[in-house]
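Asker: Can you read through this structure? Questions will come right after.
The values are calculated or read from the model by the stated rules, or taken from the named source; none is laboratory data. Remember, it's a predicted structure, so these values are computed and weren't measured experimentally. Here the Cβ positions follow ideal geometry from the backbone for every residue, glycine too, while neighbour counts run over all protein chains shown.
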Amino acid sequence: MAKPKTVICWLGSCGGCDEAVVDMNEVLLRVAAAVDIVLWPVAMDFKYDSIKRMKNGEIVLSVVNGHVRNSEQEEIAKLLREKSQLVLAFGACACLGGTPGLANLATKEDIFNWVYRDAPTVVNPNGNYPQATSSVNGKTLTLPEFYDRVYALNDIIDVDYYLPGCPPPPYSVMYAVNAVLEDKLPPKGSTLAPHRALCDSCKRNKSKPDRLSIKEIRRIHEVEADPDTCFLAQGIICLGPATRDGCGEACMNINLPCRGCFGPVEGVEDSGAKFISAMASILDAESDEEVAAVVDQFIDPAGYLYRFSVPASILQKSRVGKQTTQQRGAK
Amino acid sequence: MSKQITINPITRLEGHGKIEIFLDDKGNVEDAYWQVVELRGFEIFCLGRPVEELPRIMPTSVAFVQLPITWHP
């Protein structure tokens, strides 16, 4: 019997998700023996054209990481959707838009002006900006069209399963792969990670006082965080209460608070709003002035609460005004 | 008859690129261009973020240099 054809492909991505696949170590050899990998740009030499020649549905599984920000990424996402029986959104960028989704807090013009003109390290006397079509020495060259914003994968195509994380840890990758190979997949649309919040499995949870309350917010470089005590109990922003479990506490284990790469808990649309709600209930402040004093300490809430999820958030839907480079710099 | 060869994507490296090769009538390489087909804008969205958070933001520009967080305990 022919081995099931499988794709591992990146869109707008850093390569960390591909590395997470390699981090399966020896298990990867078993996977490679069980499936026929027909596209994996970072590791194997197949081109997009070979996928275009395939029949619709010929690929059993496409594991897609990265977000969509340009026309080529959209084309590849749609091509893989057409040719694949199953599409797995792999990693925070594909699931939620990811860290590069923070770029949605700026406009496309802001990004181009800064990156190609205004940044202090740029030397661009002719003011050249990338063009979708350009002519050099009489030759026509093309680039993908850069979109106005970053999109999560399910903004562009129908996604069957989600595996969050930045990157997804190796054991959850193996779980997902085995579920496909053994045909033990949960209902379509499922996120292949626990439904509870990170706090529910966090080893620091037992150190949390019965009534958690914080009087001030402290930044991670301002205190020497106790490695066994709940970060929030120490006044340090930790997104554990609003973040889906399943990461294996990789950050906690090296004494760093959660930044939410697994996205919202099952049934919650927006983890940032969820966290603010949790935060409001643990704030130890009586007067409006006391509340304002703590809130003022919470610098860059968008960067903390939507580190991995601006494109998928309600923040995106309300679209943060027209913030210019100048305003951001002045702040 | 001149000919154009497109290599897309460039494979087995971290990064997104394509190569356009232009051949002349005799089939010799007349011109070749390597293009980076991606921009994410780390240069701008790091501005205004708390500096102590940057070691957790910047590694996602290229995860092969991901230093502060590792899945290998």
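Asker: Any residue at all in the stretch A:219-228 that is touching a Ser or Thr at 6+ places or on another chain (Cβ under 7 Å), acidic (D, E) and either more than 18 Å from A:F308 (Cβ to Cβ) or in the same structural domain as A:G66 (by TED's automatic domain parsing) (or both)?
Answerer: Filtering the stretch A:219-228 for residues touching a Ser or Thr at 6+ places or on another chain (Cβ under 7 Å) gives A:228.
So of that shortlist, the ones also acidic (D, E) come out as A:228.
When the remaining residues are screened for being either more than 18 Å from A:F308 (Cβ to Cβ) or in the same structural domain as A:G66 (by TED's automatic domain parsing) (or both), the result is A:228.
Yes, that holds for at least one residue.
Asker: In addition: Considering every residue within the stretch A:145-159, establish whether at least one is of a type in the set (S, T, N, Q) and either away from chain B (no Cβ under 11 Å) or on the phi > 0 side of the Ramachandran plot (or both). Write out each step before concluding.
Answerer: Residues of the stretch A:145-159 of a type in the set (S, T, N, Q): A:154.
Then keep just the ones that are either away from chain B (no Cβ under 11 Å) or on the phi > 0 side of the Ramachandran plot (or both); that gives A:154.
Yes, the stretch A:145-159 contains at least one residue that is of a type in the set (S, T, N, Q) and either away from chain B (no Cβ under 11 Å) or on the phi > 0 side of the Ramachandran plot (or both).
Asker: Given (1) in contact (Cβ under 8 Å) with a residue 60 or more places away in the chain; (2) over 30 Å from A:F90 (Cβ atoms); (3) out of contact with any strand residue (DSSP E or B) (no Cβ under 7 Å at 6 or more places or on another chain), identify the lone condition not met by A:V294.
Answerer: (3)
Asker: Looking only at residues that are among the charged types (D, E, K, R) and over 14 Å from A:N70 (Cβ atoms) in the stretch A:147-172, which one is surrounded by the most Cβ atoms within 10 Å (Cβ to Cβ)?
Answerer: Restricting attention to the stretch A:147-172, the residues satisfying the condition of being among the charged types (D, E, K, R) are A:148-149, A:155, A:158, A:160.
In the following step, the residues that additionally are over 14 Å from A:N70 (Cβ atoms) were identified as A:158, A:160.
Values: A:D158: 10, A:D160: 21.
Among them, the one singled out is A:D160.
Asker: Follow-up question, since we're still on this one. Can you find, within the stretch A:222-245, the residue that is nearest to A:D270 (Cα to Cα) among those that are among the polar types (S, T, N, Q) and out of contact with any Gly (no Cβ under 6 Å at 6 or more places or on another chain)? Before the answer, list the steps.
Answerer: Narrowing the stretch A:222-245 to residues among the polar types (S, T, N, Q): A:229, A:234, A:243.
Narrowing further to those that are out of contact with any Gly (no Cβ under 6 Å at 6 or more places or on another chain): A:229, A:234.
Numbers: A:T229: 26, A:Q234: 25 Å.
So, considering only residues that are among the polar types (S, T, N, Q) and out of contact with any Gly (no Cβ under 6 Å at 6 or more places or on another chain), the one nearest to A:D270 (Cα to Cα) is A:Q234.
Asker: Please enumerate the residues belonging to the stretch B:51-65 that are at pLDDT below 85, surrounded by fewer than 16 Cβ atoms within 10 Å (Cβ to Cβ) and facing another protein chain (nearest Cβ under 7 Å).
Answerer: Scanning the stretch B:51-65 gives B:V62, B:F64.
Asker: Do you know which residues across the stretch A:5-19 are touching a residue at least 60 places away in the same chain (Cβ under 8 Å), at the interface with chain B (Cβ under 8 Å from one of its Cβ atoms) and either touching a Phe, Trp or Tyr at 6+ places or on another chain (Cβ under 7 Å) or part of a strand (DSSP E or B) (or both)?
Answerer: Hits for the stretch A:5-19 are A:G12, A:C17, A:E19.
Asker: Right, something else. Search the stretch B:1-50 for residues being assigned to a strand (DSSP E or B) and free of Cβ contacts under 8 Å to residues at least 12 places away in the same chain, and hand back the single one that is nearest to the other protein chains (Cβ to nearest Cβ).
Answerer: Just the residues of the stretch B:1-50 that are assigned to a strand (DSSP E or B), to begin with: B:3-7, B:17-23, B:29-36.
Next, only the ones that are free of Cβ contacts under 8 Å to residues at least 12 places away in the same chain stay: B:29, B:31.
Numbers: B:V29: 12, B:D31: 6 Å.
Residue satisfying both the conditions and the ranking: B:D31.
Asker: Let me ask another. From the list B:G27, B:G41, B:G48, exactly one residue is farther than 25 Å from A:P120 by Cβ and either buried (at least 18 other Cβ atoms within 10 Å of the Cβ) or at pLDDT 90 or above (or both). Which is it?
Answerer: Working: B:G41 fails: farther than 25 Å from A:P120 by Cβ; B:G48 fails: farther than 25 Å from A:P120 by Cβ.
Matching residue, one of B:G27, B:G41, B:G48: B:G27.
Asker: Further, regarding this structure: Checking A:G248 against (1) under 25 Å from the mean Cα position of the chain (by Cα); (2) assigned to a helix (DSSP H, G or I), which single condition isn't satisfied?
Answerer: (2)
Asker: Counting only residues that are over 13 Å from A:Q73 (Cα atoms) and without any contact (Cβ under 8 Å) to a residue 40 or more places away in the chain, give me the strands (runs of 3 or more DSSP E) lying completely in the stretch A:131-178 with at least 1 of them. Give the steps one after another, and end with the answer.
Answerer: Values: elements: A:133-136, A:139-142, A:146-151, A:161-163.
Passing ranges, in order: A:133-136, A:139-142.
Asker: Of a type outside the set (V, I, T), modelled with pLDDT of 95 or more, more than 28 Å from the chain's Cα centre (by Cα) and farther than 25 Å from B:R56 by Cβ: which single residue out of A:N137, A:N128, A:N124 fits that description? Please lay out each step first, then the result.
Answerer: Working: A:N137 fails: modelled with pLDDT of 95 or more; A:N128 fails: modelled with pLDDT of 95 or more.
Of the residues listed, the single one that is of a type outside the set (V, I, T), modelled with pLDDT of 95 or more, more than 28 Å from the chain's Cα centre (by Cα) and farther than 25 Å from B:R56 by Cβ is A:N124.
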